[in-house]
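Reviewing the structure listed below.
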Number of protein chains: 2
Amino acid sequence: MQDGASELHDDERLARLIRLSARGFNRALSLRLQQHDVTFGQWIFLRILWVEDGLSQRELSQRANVTEPTTHTALKKLELQGLIRRENPDDNRRRQHTYLTEQGKALRAVLEPLAIEANEVAAEGLSATEREDFRRYLLILIRNLERDEAEASKKGLKVPPKRGWTGDV
Amino acid sequence: MQDGASELHDDERLARLIRLSARGFNRALSLRLQQHDVTFGQWIFLRILWVEDGLSQRELSQRANVTEPTTHTALKKLELQGLIRRENPDDNRRRQHTYLTEQGKALRAVLEPLAIEANEVAAEGLSATEREDFRRYLLILIRNLERDEAEASKKGLKVPPKRGWTGDV
DNA sequence: CGCCTTATCTTCGATATCTAAGTATTGGCA
DNA sequence: TGCCAATACTTAGATATCGAAGATAAGGCG
């Protein structure tokens, strides 16, 4: 177990560093968005709609990678704030298409630069090549973990909620 | 804004990839831990105590990088499960030192290999050099974001909660 | 046409986290 | 010694997320 323990230490660093990075990004972005009364969650849906307006709640959930109750809550709030409106298409009273209001569209010019800034701050000091490598490593990691989860799922293991622990590892 | 938008797209990838990686790790680890009725949160405190037994709640909070109410809840549950016990030192009725029970200590041999496995799965396909670079990039990122947050804090901006949005960006 | 399955959104209850406020203990200093 | 500030833990209330179950609507098929 001695070897195992020291190996753990080395490997653990990766998980820990990634978690800290993710949290740092969240905070950097939230910090900027909150100055315009927009939360992280709202921003994510706005960002999707800026590119692709008129999506249903389900489509938004898939693109945002969250469950539908989560989307539901976020959209209700956005609607209340007058940033989106929702309406049924003529031929379907089930689906609810979500459209940005003028106010919601206008926010783009304000918020996008903030996201750019946060990302630029984070990557400061990394060369273009390094950034590219960085992305490549992250993609490998994500693919590995997806495969792992798929295999577990195949074995009948229930996958735990994605809602994450955000503390330090 | 056209340039801004495309620039956003490129930069955003980094935040998004990091977030996905963090979530993947959470899930991979939770998946393994839950087979032993241990949650992610519990594991984090166990892990700290395996290395350094007898810490106070505050010290544990700092090491785990979460707030004290969070630690409080987690410790209460661990105590209830018989994995830790808490007691006041003789000279101080305020502080509560946390000690692993035998059962808590024994769990180490079971759980540590699982964490090693999750980390190994994640880094599969990366050479030793690449892993080193990866860590270096992450450290730069974390440092950059910490600096950013410190600067914001100096300007009197309230820092948003660290509890993160875990969805896709 | 009517029923059963599927699709879509909504509601409910649970969990983990946070901030802020509350309680109790300790320590320093007039 | 007595009081006030700092320390340590606890409680309360808010938020964001999830899974599961509920409610309606649509579509397909005997």
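Each reported figure results from applying straightforward, stated rules to the coordinates on display, with no laboratory input. It should be emphasised that the depicted structure is a prediction, and the values quoted were computed from it without experimental measurement. Cβ atoms come from the backbone with ideal geometry, glycine included; neighbour counts cover every protein chain shown.
Please give the number of the condition A:Phe45 fails out of (1) away from DNA strand D (no atom under 13 Å from the Cβ); (2) within 17 Å of the chain's Cα centre (by Cα).
(1)
Kindly provide the set of residues from the stretch A:99-111 that are within 14 Å of chain B (Cβ to nearest Cβ) and in contact with an Asp or Glu (Cβ under 9 Å, 6 or more places away or on another chain), ordered by number.
Residue satisfying the conditions is A:Lys105 alone.
Starting from residues that are in a strand (DSSP E or B) and in contact (Cβ under 8 Å) with a residue 24 or more places away in the chain, keep the ones in the stretch B:43-85 and report whichever is nearest to the other protein chains (Cβ to nearest Cβ).
Per the stated criteria, the residue is B:Leu55.
What residue, of B:Ile48, B:Ile44, B:Ile84, is crowded, with 17+ Cβ neighbours inside 10 Å and within 13 Å of DNA strand C (Cβ to nearest atom)?
B:Ile44
Could you please give the count of residues in the stretch B:97-121 that are over 22 Å from the mean Cα position of the chain (by Cα) and either surrounded by 15 or more Cβ atoms within 10 Å (Cβ to Cβ) or touching a residue at least 12 places away in the same chain (Cβ under 8 Å) (or both)?
Residues in the stretch B:97-121 being over 22 Å from the mean Cα position of the chain (by Cα) and either surrounded by 15 or more Cβ atoms within 10 Å (Cβ to Cβ) or touching a residue at least 12 places away in the same chain (Cβ under 8 Å) (or both): 2 in total.
Does A:Gln96 satisfy the criteria of being within 13 Å of DNA strand D (Cβ to nearest atom), under 13 Å from A:Leu46 (Cβ atoms) and away from every other protein chain (no Cβ under 14 Å)?
For A:Gln96, the condition - within 13 Å of DNA strand D (Cβ to nearest atom), under 13 Å from A:Leu46 (Cβ atoms) and away from every other protein chain (no Cβ under 14 Å) - is not met.
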